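Here is the structure we will look at, set down as structure tokens.
Derivation of every value follows stated rules applied to the coordinates shown; laboratory data play no part. As the structure is a computational prediction, the values presented were derived from the model and not from experiment. Note that we place each Cβ from the backbone using ideal geometry, even for glycine, and neighbour counts take in every protein chain shown.
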Amino acid sequence: MSRFDSPLNNIKIASPCSARWEEMFGNERKRFCGECKLNVYNLSGMTKYDAENLLSVSEGRLCVRYFQRNDGTVLTADCPVGWAKVKQRLSICATAVFSMLLAFVGGLMAITFLKKHSDFVRKIPIPFATPTPRPLMGAVRMPSPTPSPSPKATPVEKK
């Protein structure tokens, strides 16, 4: 006895339609097809509950549109895998925006600090930096000649 929980697990298209979804009138859940004169329901635009309910209560001819994974499962609007990817992308974008905002605010704070405390910042010793020589101006003082040492007299010994 074959038993399945959801009608979405066993859905098959009997005869594919050549009409384009973009050329039909309606919204993202339901559009009217001029070729087959039926409403076409977008199962991938519905929640799983709504799609299952539509398939179980429909009588007669029903025309649907859906996206299917390689493993055969039908994608719905509340697909956990799809939501996980959306959350992941949103998380990455939010992190990037927060990081840029934090860097911008930090830069502004650093500039403000440096402007207010410029004399303090100038006194901060920078290791391994060669100090810039200061220019000196003024009249040159010539050194006075140093006297040459005179020879010392050697004391004479008395006998």
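Provide Lys12, Lys30, Lys87 in ascending order of the number of other Cβ atoms located within 10 Å of each residue's Cβ, fewest first.
Result, fewest neighbours first: Lys12, Lys87, Lys30.
Under 8 Å for C-alpha pairs, at least 6 residues apart: give me the relative contact order for segment 7-75, rounded to a whole percent.
It comes to 31 percent, rounded to a whole number.
To the nearest 20 Debye, how big is the dipole of segment 7-75 about its Cα centre, given +1 on the beta carbon of each Lys and Arg and -1 on that of each Asp and Glu?
Once rounded to the nearest 20, the dipole reads 60 debye.
Using the number of other C-beta atoms within 10 angstrom as an exposure proxy, rank Leu43, Leu101, Leu55 with the fewest first.
Ordered by Cβ neighbours within 10 Å, fewest first: Leu101, Leu55, Leu43.
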